[in-house]
Amino acid sequence: MVINSADSVNLIFREQWWGANCFSTLSGVDLEQKVGQMSKTAQELLHALNESDLNAKFIPNENDRKTIVKVAHSLQVESSWQDVLTNIDYKADNVAYNRLGYILLRVRLIKNPPIAPLEVRPSYLQQIIFLVWNKLTKDYKMNFKFDESTPPYAFSVCTGYSPSTPIIDWTRETINLHKHELGQWAELYSGQFEDYREDVYQKRVENDLSNRQSEIHLIHRNSALIYMEPKNYTAYFIKDADTPDSTNYMYASVINPINKIRTIAFAMIALNSRIDADMKNLVDKDYIKKPVKEIKQDLERTSQLKNMLQILLAPFFTDISRSNRQHYTSVIARAVTLNDIENMWARISQKLEASSHELNAIYNDKQDETEKKQEKALGMVNFILGAGIIFDIIDFIVKGDTTAVTDIKFYIGVVMAVVLVVMLIAYFKNRSKR
């Protein structure tokens, strides 16, 4: 299965991080518990996996299927939730979501696994990701709206390589020499066929963002490879129970920002869909009949989400233009470009301006209608009050003649009642037409 040239190396698997962006209806302890259940669901699936669960059409080689099962039984999964936007008001399929973020699944080998780290190949992990992803999206769709159009973002972290060789200085020359191996890890979802052309692998290794010859950071749209020497991993990757003295740099400056930008891109696509729906409503006769309050709420929801996204994007663009941290800035710029953030933002702003203008026009028209109704209603009230004043005047003018006063009031009352009935009939006819 390995398609390396004779002088190539095999990278040694250390761990993977899967970032799944989504909206959620949950918060607080409920959110934490539900996300925690995901890791249990994923791990139970992996440890119960057998060869019959794998599609032979996609994995025709029997030995590969056996190894995938072996790898799956060797993995442990931890999950956590990372907030991107809180207290939002986003509705989809009649479900109200109040949170936007991403779920991080950290996948590592268990202690004393039945498989060697060197046997864990990117093509095997790709199949495992899809199995877990399909399970999670089905089991947790009640509380999470996932980006089902794309699988989770996959960071493959490798430390060391085999066969044993002197330490490799990762120059452009050595990267090109080992581009087959590096390319398989970097482009996880682009296929793992054995007969890819050289230029395909060349493209996969063109954008190494690392400034160090002991590391490789290949960031692509849906997956990435982070290669670090074991000592670098211990010192700089993540601060946790296993590496308590780490600076946490790679986790904080690569893993999280890339997932955050990708989640923002997901939200921008959702926002764009909402704006398109709003624009369709503008030519819908039934929508125009909606109460003015509901139209105003639709306008406010869309504008609110746009403003919140703008607030989120601002720090990233500030970092790109002002940060002195060269590597971090390069990572951010790469993620913004890969996710087409600037172009999407320009399109959304243009659409939102046009949509807001039309919604405002409908809103103002509805306001005018409401004011006219209020004027008519006020006219009726004034008419009725005016009748009372007329009766008081009659009482003042025709003093003492009770019969005359009664007769005059009766005839005036009849006339005014007829006028009032005619006004009410006309009012309700116009209202039913509208």
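Please treat every number below as a calculation from the coordinates, not as lab data. Predicted model, so just to flag it, every value in this text is computed and none were measured. Positions of Cβ are generated from backbone atoms using ideal geometry, with glycine treated the same way; all protein chains shown enter the neighbour counts.
Which of the aspartates and glutamates could be linked to Lys135 by a straight reach, that is with a Cα gap under 18 Å, when you skip same-chain ones fewer than 8 residues away?
By straight Cα distance, Lys135 reaches Glu44, Glu51, Asp53, Glu78, Asp147, Glu148.
Set the Förster radius R0 to 22 Å, insert the Cβ-Cβ distance between Ala354 and Ala314 as r into 1/(1 + (r/R0)^6), and round the FRET efficiency to 0.05. Write down the numbers at each step before the final one.
Working: r = 24 Å, r/R0 = 1.07.
The pair Ala354/Ala314 has a calculated efficiency of 0.40.
Taking the Kirkwood radius as the inverse of the mean 1/r across Cα pairs, report the Rg/Rh of the range 10-236. If you can, show how the numbers build up before the last one.
Details: Rg = 18.6 Å, Rh = 18.8 Å.
Result for the range 10-236 is an Rg/Rh of 0.99.
Which log10 I(q)/I(0) values, to two decimals, does the range 262-368 give at q = 0.22 Å⁻¹ under the Debye formula with one point per Cα?
Each listed q maps to, in turn, -1.11.
If you average the sequence gap of Cα pairs under 8 Å that are 6 or more apart and divide by the length of the range 10-236, what percent do you get for the contact order?
Working: 376 pairs, mean separation 60.4, N = 227.
The normalised contact order for the range 10-236 reaches 27 percent.
Within a 10 angstrom radius of the beta carbon, how do Tyr249, Tyr233 rank from fewest other beta carbons to most?
Working: Tyr249 16, Tyr233 22.
In order of increasing Cβ crowding within 10 Å: Tyr249, Tyr233.
From the P(r) of the range 107-234, can you give the percent of Cα pairs sitting at distances over 17 Å?
On the way: 5118 of 8128 pairs.
Above the 17 Å cut-off, the range 107-234 has 63 percent of its Cα pairs.
Packing-wise, with mean Cβ within 10 Å as the measure, how do 275-283, 193-201, 40-48 rank, highest first? Let's see the in-between values first.
Details: 275-283: 14.9, 193-201: 11.2, 40-48: 16.4.
Those peptides, ordered most packed to least, come out 40-48, 275-283, 193-201.
Note down the Stokes-Einstein diffusion coefficient of the range 37-109 in µm²/s, whole number, using a Kirkwood radius over alpha carbon pairs, 10 °C, and 1.306 mPa s.
Numbers: Rh = 14.9 Å.
It diffuses with D of about 107 µm²/s by this estimate.
Note down the Stokes-Einstein diffusion coefficient of the range 208-279 in µm²/s, whole number, using a Kirkwood radius over alpha carbon pairs, 37 °C, and 0.692 mPa s.
On the way: Rh = 14.2 Å.
The calculation lands on 231 µm²/s.
Between Phe130 and Ala92, how many nm apart are label points set 7 Å from Cα along the C-beta direction?
Here the modelled spin labels are 2.2 nm apart.
Given the pairs Lys70/Lys141; Lys111/Lys239; Lys145/Lys260; Lys91/Lys293; Lys34/Lys111, which span a C-alpha to C-alpha distance of over 21 angstrom in this model? Don't jump to the answer; show the numbers that get you there.
Values: Lys70/Lys141 29 Å; Lys111/Lys239 19 Å; Lys145/Lys260 16 Å; Lys91/Lys293 17 Å; Lys34/Lys111 26 Å.
In this structure, Lys70/Lys141; Lys34/Lys111 lie more than 21 Å apart at Cα.
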